[in-house]
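Following: one structure in structure tokens, then a few remarks.
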Amino acid sequence: MEQEYIILLQKILVVLFSVTLFWKIIKHICGLLVIEKEPVTVLVTGAAGQIGYALLPMIARGVMLGPDQPVIIHMLDIEPAAEALNGVKMELIDAAFPLLKDVVATTDVVEACQGVNIAVMVGGFPRKEGMKRKDVMSKNVSIYKAQASALEQHAAPDCKVLVVANPANTNALILKEFAPSIPEKNITCLTRLDHNRALGQISEKLNVHVSDVWNVIIWGNHSSTQYPDINHATVKTTNGEKSVRDAIANDNWLNTEFITTVQQRGATIIKARKLSSALSAASAACDHIRDWVLGTPKGTWVSMGVYSDGSYGIQPGIMYSFPVTCEKGQWSIVNGLKIDELSREKMDATAKELMDEKTLAYSCLIDD
Amino acid sequence: MAKEPVRVLVSGAAGQIGYALVPMIARGVMLGADQPVILHMLDIPPAAEALNGVKMELVDAAFPLLKGVVATTDVVEACTGVNIAVMVGGFPRKEGMERKDVMSKNVSIYKSQASALEQHAAPNCKVLVVANPANTNALILKEFAPSIPAKNITCLTRLDHNRALGQISEKLNVQVSDVKNVIIWGNHSSTQYPDVNHATVKTPSAEKPVCELVKDDAWLNGEFITTVQQRGAAIIKARKLSSALSAASAACDHIRDWVLGTPEGTWVSMGVYSDGSYNAPAGVIYSFPVTCRNGEWTIVQGLVIDEFSRKKLDLTGAELTKEKELAYSCLS
């Protein structure tokens, strides 16, 4: 009897040992099979400038597309900036970024656009002292017309475009008009900076963490007519989730100072730094692309400048900032939100400005 | 459950390196994607408005990990409760200034900041000195903050280390993440010695020594070394500004590896208080190959040093000893 028990025990031990060894081998093999994702090619125009300098390390560290997504960066700028651009390329190499699989630094728009999956258009003609609106518009219209062409012909299919350079909405519109084979839903402009600024202002007013505020909206033009709307925004407080309007309990502030603070924040930063807001603009560009590509968190929307389809009574045919959710690489406008009278006025005012800009832009094209 | 926030001080935060560094810290590049942070930003009164502008931008960026921002010109407020201190602020060399003048200005700054850190920082605060002359500024800081353990005071040579990795990866046309174990010995200056004798490259078959793959000792002992040594100047020439992006990134790498540990089989370069290893002068801050574990660095011992390397290690050690003497003469 004892003999049988001993044999049984030995058998059990052998089985246990074999199973454990087998398990370890399987785990080891699985570890070796870590398959790296194919790199995504990201274009940054105006890459030798301030926003580029802040944006490029963010992209190379995975802030834009995730910490497991290798990237190839294409940097484009104009001839006079070629040496500085090469300096930035040297620095990207010097930083030994694990995710950065290659860097192309060029002044040739065709080379820059080749095979690009994501295009962040930071380059544009900045307004100089004494320049009239029409002059700035005219310069930028030419730039975006040329770049539209190159993108359309050389970028990868389904390339996603984010226009940052001002006038962002109208530059994006021109790009869309002159790249007809790029789906219009793939061309957007940046209002995420204003969206994030609005979140920041609310969080400061309520002394909560900024990640506890969500669902503000930026309507319209990325300009001083933008309408930062908190009517549908929520805040997580110690007493549970509340509407921002209720939590702040100060409609006067919300309808006046809050709005103007967000609208004029860019100028405030310039006054303090003597330079414009590169850090926060670059960060917002990463947020815009990341949420677009990887999806917005459940129950949350973000603001993006997109081609208007007539939602909320906004005329189609302009780039207008709406509240959107993103899923599987596509954005959808959040519909059905109630719009009060004050909001209606503001939304229409910024739409009107965009129609005027469109008219001005087209007149520049005719003059060409 | 969210972790307790870590307080990170950046001095000279209104400058270029600060502007590149603070968003990296706020995004978790320095301490990990799940580690909330509170930023303390310090600069001098003439930069107060610009510093506030940076604070505004940090608020405007709505960073989920950033639990607070303190922007101040008061060194005591800046140092209070900090767990990590990145000293980017210093007196830059201006045209016409002599070495002794730059040294003198910086010695005063680091002496007073040492005091404040010692008295107000959290226990076991880890310090990284970036501002040049980095090694000697770090030494002064150590000397005047005796209650901060010497092992907690380091200076940045990770930038040079990363630059060396980059040069090798370009030469061999491989991914930079496949190159490892270069060493930067000595001073973060033009006497630094970028040493690839123990560096390896991951190839499809196995890890191979860099020397074997490059097959060009003349390049490795000549152009490679001078390229890495003079890279800072090359960047300034191209950009007309110094290398903020790569310096900030290297500072994040330095702290991250120190706190979270170096990967198995890999070492990094850090400027640390010399214990005389490899016959480097003791009592200076000297860059060595180190591994990091449980928040502590350890010098990699037992590496064979050939004759060529020996001379270079000694040269940079001699420069550090002279800098130390110069610094002390400024103090008297």
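Just need a number here: residues in region B:117-132 that are surrounded by 23 or more Cβ atoms within 10 Å (Cβ to Cβ) and touching a Cys at 6+ places or on another chain (Cβ under 6 Å).
Qualifying residue count for the region: 3.
Is there any pair linking a residue in region B:46-66 that is in contact (Cβ under 8 Å) with a residue 12 or more places away in the chain and assigned by the TED database to the domain that holds B:GLY28 to one that is open to solvent by 40 Å² or more (accessible area, probe 1.4 Å) and not charged (D, E, K, R), with Cβ under 8 Å and at least six apart or on different chains, and which?
That search, which allows pairs on different chains as well, returns B:ALA47/B:THR73; B:ALA48/B:THR73; B:LEU51/B:THR73; B:LEU65/B:ALA33.
Somewhere in region B:121-135, is a residue closer than 30 Å to A:ALA96 by Cα, in a helix (DSSP H, G or I) and in contact (Cβ under 8 Å) with a residue 12 or more places away in the chain?
yes
Looking at region A:190-205, can you tell me whether even one residue there is touching a Lys or Arg at 6+ places or on another chain (Cβ under 8 Å) and within 14 Å of chain B (Cβ to nearest Cβ)?
yes
Quick check on A:LEU337: is it touching a residue at least 40 places away in the same chain (Cβ under 8 Å), part of a loop (DSSP other than H, G, I, E, B), closer than 26 Å to A:LEU43 by Cα and more than 15 Å from the chain's Cα centre (by Cα)?
No, not satisfied.
What tally of residues in region A:103-116 results from selecting those that are open to solvent by 30 Å² or more (accessible area, probe 1.4 Å) and assigned to a helix (DSSP H, G or I)?
Here the count works out to 3.
Please go through region B:79-97 and give me each residue that is in contact with a His (Cβ under 7 Å, 6 or more places away or on another chain) and either under 21 Å from B:ALA247 (Cα atoms) or open to solvent by 60 Å² or more (accessible area, probe 1.4 Å) (or both), ordered by number.
The answer is B:THR80, and nothing else.
Looking at region A:178-189 only, could you name the residues that are open to solvent by less than 60 Å² (accessible area, probe 1.4 Å) and part of a helix (DSSP H, G or I)?
The one that is open to solvent by less than 60 Å² (accessible area, probe 1.4 Å) and part of a helix (DSSP H, G or I): A:ASN186.
Being modelled with pLDDT under 95 and open to solvent by 60 Å² or more (accessible area, probe 1.4 Å) is the filter; apply it to region A:272-297 and report the residue that is farthest from A:LEU190 (Cα to Cα).
In this case the residue turns out to be A:LYS274.
When the residues of region A:38-64 are narrowed to those that are farther than 18 Å from A:VAL122 by Cα and surrounded by 12 or more Cβ atoms within 10 Å (Cβ to Cβ), which ends up farthest from the other protein chains (Cβ to nearest Cβ)?
Here the residue is A:VAL40.
Any chance you could count how many residues in region B:220-235 are buried (at least 18 other Cβ atoms within 10 Å of the Cβ) and within 9 Å of another protein chain (Cβ to nearest Cβ)?
Residues meeting the conditions: 2.
Failed condition for B:GLY68, given (1) touching a helix residue (DSSP H, G or I) at 6+ places or on another chain (Cβ under 6 Å); (2) within 14 Å of another protein chain (Cβ to nearest Cβ), with all others met?
The one condition B:GLY68 does not meet is (1).
Among the listed residues B:ALA20, B:ALA2, identify the single one that is within 14 Å of chain A (Cβ to nearest Cβ) and at pLDDT below 95.
Just one listed residue meets the conditions, B:ALA2.
When B:LYS100 is evaluated against the numbered criteria (1) of a type outside the set (S, T, N, Q); (2) closer than 19 Å to A:ARG197 by Cβ; (3) open to solvent by 30 Å² or more (accessible area, probe 1.4 Å), which criterion, by number, is the only one it fails?
For B:LYS100, the exception is condition (2).
Please identify the pairs in which a residue from region B:137-150 that is over 16 Å from B:GLY90 (Cβ atoms) has its Cβ atom under 9 Å from the Cβ atom of a residue that is of a type in the set (Asp, Glu) and open to solvent by 20 Å² or more (accessible area, probe 1.4 Å), counting only partners at least 6 apart or on another chain.
B:ALA145/B:GLU118; B:PRO146/B:GLU118; B:SER147/B:GLU118; B:ILE148/B:GLU118
With respect to B:ILE285, determine if the residue is within 13 Å of the chain's Cα centre (by Cα) and within 20 Å of B:MET24 (Cα to Cα).
no
Consider B:ASP253 carefully, then state whether it is at negative phi and open to solvent by less than 60 Å² (accessible area, probe 1.4 Å).
yes
Look at B:GLN175 and say whether it is more than 22 Å from B:ASP74 (Cα to Cα), buried (at least 21 other Cβ atoms within 10 Å of the Cβ) and outside the structural domain of B:SER11 (by the TED database).
When the stated conditions are applied, B:GLN175 does not pass them.
In this structure, does A:ALA105 turn out to be under 12 Å from A:LEU56 (Cβ atoms), at the interface with chain B (Cβ under 7 Å from one of its Cβ atoms) and not polar (S, T, N, Q)?
No; evaluated as a whole, the condition is false for this residue.
Taking the options B:VAL76, B:VAL8, name whichever one is over 28 Å from A:ARG265 (Cα atoms) and away from chain A (no Cβ under 14 Å).
That would be B:VAL76, the only listed residue that is over 28 Å from A:ARG265 (Cα atoms) and away from chain A (no Cβ under 14 Å).
Exactly one condition in (1) under 26 Å from A:GLY329 (Cα atoms); (2) surrounded by 15 or more Cβ atoms within 10 Å (Cβ to Cβ); (3) under 19 Å from the mean Cα position of the chain (by Cα) is not met by A:ASP158; state its number.
Every listed condition holds for A:ASP158 apart from (2).
Can you list residue pairs whose Cβ atoms sit under 7 Å apart, with the first residue in region B:236-247 being within 17 Å of B:PRO92 (Cα to Cα) and more than 8 Å from chain A (Cβ to nearest Cβ) and the second being assigned to a helix (DSSP H, G or I) and of a type in the set (Gly, Ala, Ser)? Count only pairs 6 or more apart in sequence or on different chains.
Matching pairs, first to second residue: B:SER242/B:GLY232.
Filter region B:1-19 down to the residues that are in a loop (DSSP other than H, G, I, E, B) and touching a strand residue (DSSP E or B) at 6+ places or on another chain (Cβ under 7 Å), then identify the one that is least open to solvent (accessible area, probe 1.4 Å).
Ranking the qualifying residues of region B:1-19, first place goes to B:ALA13.
The values are calculated or read from the model by the stated rules, or taken from the named source; none is laboratory data. Everything numeric here is computed off the predicted structure, so don't read it as measured data. With ideal geometry, Cβ positions are generated from the backbone for all residues, glycine too; neighbour counts draw on all protein chains shown. What goes into the accessible areas is simple: the full protein's heavy atoms, side chains included, and nothing from ligands, DNA or RNA. Shrake-Rupley method; radii C 1.70, N 1.55, O 1.52, S 1.80 Å.
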